Amino acid sequence: MKETLPKSVQELILSLREKLKDEPEIVDMFERCYSNTLDTTVKKMEDGSTYVITGDIPAMWLRDSVAQLRPYLVPAQNDPELKYGPTCNWLTKTLD
């Protein structure tokens, strides 16, 4: 598991490994997919804001950005690194 992942994401993956002991391939696939979004589609801008790369035309649709980051809102509730870090800071303002 990547040490660069926020602690709450690491804990979620470890929890799944425990619950799905008989399905390690499923957990491996989840870990790759879940961490891939954080690694490849989120860019911290110079002004501290976050840019979510949706892969669409140059207009980065809010709907697509929200859909990409929505799965991270639950662990972000209890993880300041994820909640206020470059990944979800603009999206989690509704949690406060």
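Read-outs: derived from the displayed coordinates by stated rules, not from any lab. Note that the coordinates shown come from a computational prediction; the quantities given were computed from them, not determined experimentally. Cβ: placed from backbone, ideal geometry, glycine included. Neighbour counts: every protein chain shown.
Could you line up Tyr51, Tyr72 from fewest to most neighbouring Cβ atoms inside 10 Å? Present the calculation step by step, with values, prior to reporting the outcome.
On the way: Tyr51 14, Tyr72 24.
Ranked by crowding around the Cβ, least crowded first: Tyr51, Tyr72.
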Quick one: grab Rg to one decimal and Dmax as a whole number for the range 1-41, Cα atoms only, in Å. 10.0, 31
